[in-house]
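The values are calculated or read from the model by the stated rules, or taken from the named source; none is laboratory data. Note that the structure is predicted; figures quoted are calculated from it, not measured. The protein model used for the area step is the full one, side chains on, heavy atoms only, and it has no ligands, DNA or RNA in it. Shrake-Rupley method; radii C 1.70, N 1.55, O 1.52, S 1.80 Å.
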Amino acid sequence: RRRTGAAVLAAVALCLLSAAGLADSLQPATFLPLSASVVRVEVARVQGGLGIGSGVTVAPGVVVTNCHVTRDATAIRISGAGRTWEVTGEYAQGTRDICFLHVPDWNGHAVALSEREALQIGEPVAAIGFTGGTGRSLQFGQVRALHPLDGGAIIETSAAFTSGASGGGLFNAQGALVGLLTWVFARLVMPVS
């Protein structure tokens, strides 16, 4: 019994040390400036009603989101910097759930894209999106698994997010975008490259 108790204490200590390491490697101050680049995507649906998702500014006048956020849309706009902006065009990237929105009047700051070939399992990450469709949420987590897809990988993360965060950004510890949050797969993230 002493060995079992010692093993449990060792496991708890290891978990606490891992959590402390994660907290040390991700600082909220790194991600707060990025939050202005993550926008709310509002979609008027063919069947009526309003759909809500998130998007990330990746170039002047260009926001990337999940295609399932904009599916069946009659009109799309983004909400950022205290007002709304009309989307004038949309381009879907192949078979992945990634759509680029053209928002010519949007002058949001473009985020940096990760130049690394691959993430590592256990690497700390931060998720930013409109969790629940309301306000922006910043959640920390780790890469749980990498699932191969078309020469890349779908990222599974422990960072919590819900349906309104679909299309939001997953960032590495340096604040570079590594993928898009995809709620339809529950905590999976589509790679942006």
Any number yet on Rg/Rh for segment 38-115, C-alpha, Kirkwood?
-> 0.95
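Please list Glu156, Glu90 from largest to smallest accessible area, probe radius 1.4 Å, with all protein chains kept in place. Kindly include the intermediate steps, with their values, before the conclusion.
Numbers: Glu156 55, Glu90 90 Å².
Correct descending sequence by accessible area is Glu90, Glu156.
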To the nearest 10 square angstrom, what accessible area does Arg144 show with a 1.4 Å probe?
-> 130
